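The values are calculated or read from the model by the stated rules, or taken from the named source; none is laboratory data. No experiment lies behind these values; they were computed from the predicted model shown. So basically every Cβ, Gly included, is an ideal-geometry build from the backbone, and we count neighbours across all protein chains shown. Ligands, DNA and RNA are stripped out before the accessible areas are found, and what is left, the full protein with its side chains, is counted by its heavy atoms. Shrake-Rupley method; radii C 1.70, N 1.55, O 1.52, S 1.80 Å.
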Amino acid sequence: MNSTRVLSVAIVGLISLCAPIDPASSQTKQPPTVAIPQPGVPQVMTMEANFVRAAYNNEGYVILGYQVANRSLGQEWMLLEVGVTIRDKVPDYDLTRQALSLETPDGKTLPLPSIPEYRAESSIPGLQNRAKVQRDSINYFPPQAHRACALTFFTDLTSRVLPLDEMELTSDRACVGRLYFHVPGGITYGQHWLNVKFAQSVVRVPFRILTKEEEKFLSKNYKSISKQVDDAFRKKS
């Protein structure tokens, strides 16, 4: 992830789809812009694809894919594809289940469910099957995180791998896996946040459950927004 690309995707993330989209703006020829959700903590937010968001600070980096979640409106369990690492020269850190939470549009903060709760939920196999096709790559990490690492707070119900309550993070490993949250009342449209607590800070990754109109608007304008960023950072001849 070179510095130009970081700046480019950061701006894309800030001007598109981290907040409500106004479809009426699509009637003008001006590039669409939206309000930026404020995380309340110092960090950079980026957008890597329609349903891929990342956020990082000087200590930690978190990326998530949420296409399955966006297709699960009204359901009480949410699946997120998540990747985590720590930044270069940051001491190794043990990430626990208690360090992860989901913030919903109504202001509630939900913890990770227990393994017994997860294993007892009948909708999980269906979510996992859908994730085989409704997914996006989240393989966007800082360059020093070059070693693959499984994030195993949850494992597939058919897997022999045991879930863990704690994961060691090192700056050279990109840990990827799935997180599940129980959302009482069901998943709703609007702004959500994945919160990840590191040793000295919290990274908050914004993601919005989109209406069909919002998704259509994003898909239509994504390339033009990316082109604006590319033009802005093109070297002057």
- prompt: Which value in Å is the Kirkwood Rh of region 166-219 over different Cα pairs?
  reply: 14.3
- prompt: ³J(HN,Hα) across region 76-93 via Karplus (A = 6.51, B = -1.76, C = 1.60, θ = phi - 60°), whole Hz, x for Gly/Pro?
  reply: 8, 10, 10, 10, 10, 8, 9, x, 9, 7, 10, 6, 4, 6, 7, x, 3, 9
- request: Evaluate the distance, in nm, between pseudo-label points positioned 7 Å from the Cα of THR158 and of LYS212 along their respective Cα→Cβ axes.
  value: 3.2
- line: Per residue, accessible area of region 86-187 with a 1.4 Å probe, heavy atoms of protein chains only, in Å², comes to 54
field: Coil-residue GluC sites (Glu not before Pro) of region 45-143, DSSP, other Cβ within 10 Å capped at 14
entry: GLU76
statement: Here, GLU168 and ALA120, labelled 7 Å along Cα→Cβ, have an inter-label distance in nm of 3.4
